[in-house]
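A.B. asks: My questions will all concern the structure given below.
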Amino acid sequence: MKHILIQGVRTSDFDEVPRPTNAERLKALRTLWHFSWVAGLGDRVCRTWGPIFKTKLGLLICFCFFSIFFQPNRNCGVGMARITLEDLNGLDDESLDEDEEPMDGEEQNRLFSHWETVASTHQVTLPQEMAGPIVQMTQHSQVREPVPYVTLLQHEKCEERLYPAGKWACVTKGEPMYEQSISMGFMKLMRYICKENSTGRYLGMTVPVVNEIRLSEEGTELLRDVTTTYYLPGEFQPDPPLPTDPDIRIVERQPLRVLTRVFYGVTSEETILREIRLLWELLGSTDTVLRESYMVAAYENPSVPQRRNELWFIRRAE
């Protein structure tokens, strides 16, 4: 049997060490988590490293530090722990999720308060009914299925892609501000994703979430109606769950060919118009893309200050 030695010891000592149980592994992870808070690493570091603790590689790294710093010394002051490759293979994400303790009321309240603050920056009030979906989305935040596409050309200024036909859940909102429209539209989609659908189950998150926008005839401002769209995971593409919210519609979109360019930061009407102007300057004069309709793809949640976004120019149908 292959072994990974976390700390060197005499080979004669190997069989004296009992193999840790799943419960002991999870207890070790939680101990490390609490030590990171005590050491003053703060909320930002914990959010950054927290997801790593749930991966197999993360488990190995965690137990290395745990065995070095926190295990009682044995055998002439030398402490060790041993994890086999079979152990790591047995610790898949599903088993960790099953053993994971549910978030208590205090943690849920802190999480809701955090998202209340984020929503307020978009001039949106977060309703209490969003507490459940927020908890679910947080617990499943590391499992995100990418929307499939094929790269056709890699230009110096942008990338050309082809997105195949697929089914999307869509909500259109026409609030006074762009940020309000996308926030309120996605809150509806969150409830659909988490439970308010004909299956009554969590459907799974896909990225990016795509916001469809239109410009005025002068091209100087966004029209109020913004359509926020969520690509159905592959499991549900053949038979999409029906939404209970009448504002949500399931749309089968034909293949979509786009020119795309990455930008970072907040998405507001001002930043989007600036990115549109910039990409037109880079492309020069062309009639092969639409001038009245565009798409803004969001890859990260709005609490990330320098989040990744993409602007999509839509190719005209040939």
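A.B. asks: Quick one: which of 204-212, 281-289, 156-164, 268-276 comes out on top by average Cβ neighbours within 10 Å, and what's the full order, highest first? If you can, show how the numbers build up before the last one.
C.D. replies: Working: 204-212: 19.6, 281-289: 10.8, 156-164: 14.7, 268-276: 16.2.
Result, highest mean first: 204-212, 268-276, 156-164, 281-289.
A.B. asks: Sticking with this structure for a sec: Which chymotrypsin sites (Phe, Trp or Tyr not before Pro) from the stretch 221-318 combine a DSSP loop assignment with at most 16 other Cβ atoms within 10 Å? Mind showing how you got there, number by number?
C.D. replies: Numbers: sites: Tyr230, Tyr231, Phe236, Phe263, Tyr264, Trp280, Tyr294, Tyr299, Trp312, Phe313; in loops: Tyr299.
Passing both the DSSP loop test and the Cβ count: Tyr299.
A.B. asks: One-quarter of the Cα convex hull surface for the stretch 196-268, in nm²?
C.D. replies: Numbers: hull surface 28.3 nm².
Here the figure is 7.1 nm², rounded to one decimal.
A.B. asks: Would you give the gap between the C-alpha center of the stretch 112-161 and the C-alpha center of the stretch 211-269, rounded to a whole Å?
C.D. replies: After rounding, the separation between the Cα centres reads 13 Å.
A.B. asks: Another question, if that's okay. With a ≥ b ≥ c taken as the square roots of the eigenvalues of the C-alpha gyration tensor of the stretch 246-318, please select rounded if a/c is under 1.5 and otherwise prolate if a/b is larger than b/c or oblate if it is not?
C.D. replies: oblate
A.B. asks: Could you give P(r) for the stretch 208-247, binned at 5 Å from zero, as whole percent values over all Cα-Cα pairs?
C.D. replies: 5, 18, 16, 20, 15, 10, 8, 6, 1
A.B. asks: Through the Karplus equation 6.51 cos²θ - 1.76 cosθ + 1.60, θ set to phi - 60°, convert the phi angles of the stretch 236-251 into ³J(HN,Hα) values in whole Hz; use x for Gly and Pro.
C.D. replies: 9, 4, x, 9, x, x, 7, x, 7, 7, x, 6, 9, 10, 9, 10
A.B. asks: Related question: Sequence-distant or interchain residues sharing an amide H contact under 5 Å with Val209, placed H: which?
C.D. replies: Under 5 Å from the amide H of Val209: Ala298.
A.B. asks: Are there any trypsin sites (Lys or Arg not before Pro) in the stretch 186-221 that are in a DSSP loop and have at most 14 other Cβ atoms within 10 Å? List them by number.
C.D. replies: For trypsin sites (Lys or Arg not before Pro) across the stretch 186-221 that sit outside H, G, I, E and B with at most 14 neighbouring Cβ atoms in 10 Å, the list reads Arg201.
A.B. asks: Quick one: length gained pulling Val150 to Val266 fully straight, 0.36 nm per residue minus the C-alpha distance?
C.D. replies: 39.1 nm
A.B. asks: Turning to a different aspect of this structure: In whole Å, what are the Cα extents of the stretch 185-318 along the three principal axes, biggest one first?
C.D. replies: 48, 38, 24
A.B. asks: Which whole-percent values make up P(r) of the stretch 118-211 when all C-alpha to C-alpha distances are grouped in 5 Å steps starting at zero?
C.D. replies: With a bin width of 5 Å, the distribution comes to 2, 11, 17, 20, 19, 13, 10, 5, 2, 0.
A.B. asks: Averaging sequence separations of C-alpha pairs under 8 Å and six or more residues apart, then dividing by the length of the stretch 143-209, give the relative contact order as a whole percent. Numbers along the way, then the final one.
C.D. replies: On the way: 63 pairs, mean separation 23.4, N = 67.
Relative contact order, the stretch 143-209: 35 percent.
FYI, it's all coordinate maths here, none of it is from the lab. Keep in mind that this is a model prediction, so the values were computed, not measured. Note that each Cβ is placed from the backbone with ideal geometry, even for glycine, and that neighbours are counted across all protein chains shown.
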